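Contents: one structure, followed by commentary.
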Amino acid sequence: MSTPPKSDPSSYFPSIEKKYGRPVQEWLELVRTSPLSKHMELVGWLKSEHGLGHGHANALVAHVLRGN
């Protein structure tokens, strides 16, 4: 039995831009320059300080932490 492929966080990017009205590159730069470093800390920060939903925040953080 094969393992299902992991989803690509970038598949969320068009809906993030549409919903929040900012280019994804701005969101990614916010994550990269944040003083926080842990995944869930960054997700919580994007949710509380910037109003992102959990899935969108998680996708951005996962993309950055994967080295993209």
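The values are calculated or read from the model by the stated rules, or taken from the named source; none is laboratory data. Since the structure is predicted, the reported quantities are computational estimates derived from the model, not experimental observations. Methodologically, a virtual Cβ is constructed for each residue, glycine included, from the backbone with ideal geometry; neighbour enumeration extends over all protein chains shown. What goes into the accessible areas is simple: the full protein's heavy atoms, side chains included, and nothing from ligands, DNA or RNA. Shrake-Rupley method; radii C 1.70, N 1.55, O 1.52, S 1.80 Å.
Summary of computed values
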read-out	value
Matching residues, segment 29-52, being open to solvent by less than 30 Å² (accessible area, probe 1.4 Å) and either closer than 16 Å to Pro14 by Cβ or in a loop (DSSP other than H, G, I, E, B) (or both)	Ser34, Leu52
Counted residues, segment 53-68 - those being surrounded by fewer than 17 Cβ atoms within 10 Å (Cβ to Cβ) and in a helix (DSSP H, G or I)	3
Residue satisfying all of: in segment 12-28; within 18 Å of Asn68 (Cα to Cα) and aromatic (Phe, Trp, Tyr); most open to solvent (accessible area, probe 1.4 Å) among these	Tyr12
Filter result for Ser2 (out of contact with any Cys (no Cβ under 8 Å at 6 or more places or on another chain) and at pLDDT below 95)	yes
